[in-house]
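Report on the structure given below.
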Amino acid sequence: MKTKALFLNGSARGDRGVTSRLLNSLSAGMSRADIETVIINISKLNISPCLACLHCMHKEPGVCVKKDDMSEIYEHLKNSDILVFGTPIYLDGITSQLKTVIDRSVCCMEPFITIDENGFTRHTFSWRMPGEFFLVSTSGFPEPETFKPTIDYFKALSKNMNSNFAAEFCIPGSIAIQMKPDVLDQKLKLLESAGFEYGKNRCIDIELVEKINEPIFSRDEYLELAKVYEDWCRKRLFL
């Protein structure tokens with residue numbers, strides 16, 4: 001059977017933002033390596049927040065009481081080997097769209113308690129999430145440190161889901177990127193290479209990961225392009 005990868009685009013801008021371009025390139029590389037990929041733009045779906053009613057644990061194990069577009073995502077989660085989370089950084093964290101999907105995934109868990117191999121208390125599972133997690137992210141500001149809380153969150157989530165956190169690809173400076181979109185092209189090529197390499201080898205060379213995560217702009221370069229963005233904003237606001 002083919003290896004399957006599910007890409008969840010949590011950007012509120014859907015396929016119009018930088019996050020979508022990054023996900024598309026990683027997906028293209030995996031597809032070239034014969035991995036079956038599916039990209040879902042969460043912003044186009046009707047998905048309600050988790051009710052914390054625990055129907056999925058206490059009444060109908062593994063099944064959410066809510067009947068909405070999350071049902072489509074559940075099917076992909078149950079049948080995928082790889083899960084790629086895509087999110088821009090909003091106020092130092094992930095988007096509400098993606099967080100809603102993650103919270104609704106609690107129905108994969110049973111009410112029973114176990115201790116994992118690292119000595120942490122966990123739930124057992126009604127059904128398993130994909131075994132490999134990736135993070136693809138971008139942020140408006142240029143500092144790579146902006147991504148640390150989000151990387152830490154997905155590393156913790158992967159442990160909670162008993163999945164492997166394979167890699168993070170984090171591109172800072174999206175405000176400047178949108179003023180000069182072509183600068184992203186080299187990163188997109190590298191992401192496609194990373195997807196292909198993972199598909200062939202089930203691992204990605206650390207030097208390639210580091211190259212992808214290198215900031216595109218120096219602080220001064222970023223601020224110059226940010227001025228272009230600010231001028232555009234002033235014109236729209238008639239300032």
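For segment 125-212, the spread of Cα positions along the three principal axes, ordered from largest to smallest, is 46, 30, 21 Å. Restricting the chymotrypsin sites (Phe, Trp or Tyr not before Pro) of segment 97-180 to loop positions (DSSP other than H, G, I, E, B) with no more than 16 neighbouring Cβ atoms within 10 Å leaves Phe120, Trp127.
Which value, in nm² and rounded to one decimal, describes the direction-averaged projected area of the C-alpha convex hull of segment 1-75?
Over every viewing direction, the Cα hull of segment 1-75 projects on average to 6.2 nm².
Once the Cα atoms are used to define both axes, helix 185-201 deviates from the longest principal axis of the chain by about 30 degrees.
Note on segment 187-226: Cα-Cα pairs beyond 11 Å make up 66% of the total pair count.
Rg/Rh for the chain stands at 1.00; both radii use Cα atoms, and Rh follows the Kirkwood definition. Rounded to the nearest 0.05, what FRET efficiency do Tyr153 and Phe238 have when you use their Cβ-Cβ distance and R0 = 45 Å? So the FRET efficiency works out to roughly 0.70. Taking a Cβ cut-off of under 15 Å around Ala52, the surrounding Lys, Arg, Asp and Glu residues balance to a net charge of +3, with basic ones at +1 and acidic ones at -1. Taking a sphere under 15 Å around the Cβ of Val228 and counting the other residues whose Cβ falls inside, with K and R at +1 and D and E at -1, yields a net charge of -1. Taking the C-alpha atoms only, the angle from helix 219-236 to the longest principal axis of the chain is near 90 degrees. Between 0 and 90 degrees, the angle of helix 148-160 with respect to the longest Cα principal axis of the chain falls at about 20 degrees.
Neighbours of His76 by Cβ distance under 12 Å: Lys/Arg scored +1, Asp/Glu scored -1, total -3. Between the listed residues Leu54, Ile206, Met129, the Cα displaced farthest toward the positive end of the dipole of segment 4-236, a dipole computed from Cβ unit charges relative to the Cα centre, is found at Leu54.
Where the eigenvalues come from the Cα gyration tensor of segment 148-188, what are the semi-axes √(5λ) of the equivalent ellipsoid, largest first, in whole Å? Let's see the in-between values first.
Numbers: eigenvalues 171, 25, 6 Å².
Its equivalent ellipsoid spans semi-axes of 29, 11, 5 Å.
Within segment 36-157, all pairs of alpha-carbon atoms sorted by distance into 5 Å bins from zero give the percentages 2, 10, 18, 21, 21, 16, 9, 3, 1, 0.
For Ser71 and Asp185, compute 0.36 nm times the residue count separating them, minus their Cα-Cα distance, and round to one decimal in nm. Present the calculation step by step, with values, prior to reporting the outcome.
Numbers: separation 114, 0.36 × 114 = 41.04 nm, distance 3.49 nm.
Full extension of this stretch gives 37.6 nm more.
The GluC sites (Glu not before Pro) of segment 62-153 that meet both conditions, a loop assignment by DSSP and at most 14 other Cβ atoms within 10 Å of the site Cβ, are Glu117.
We did not get these values from a lab; they are worked out from the coordinates using the rules stated. Bear in mind the structure is a predicted one, so any value in this text is a computation, not a measurement. We place every Cβ from the backbone using ideal geometry, glycine too, and count neighbours over all the protein chains shown.
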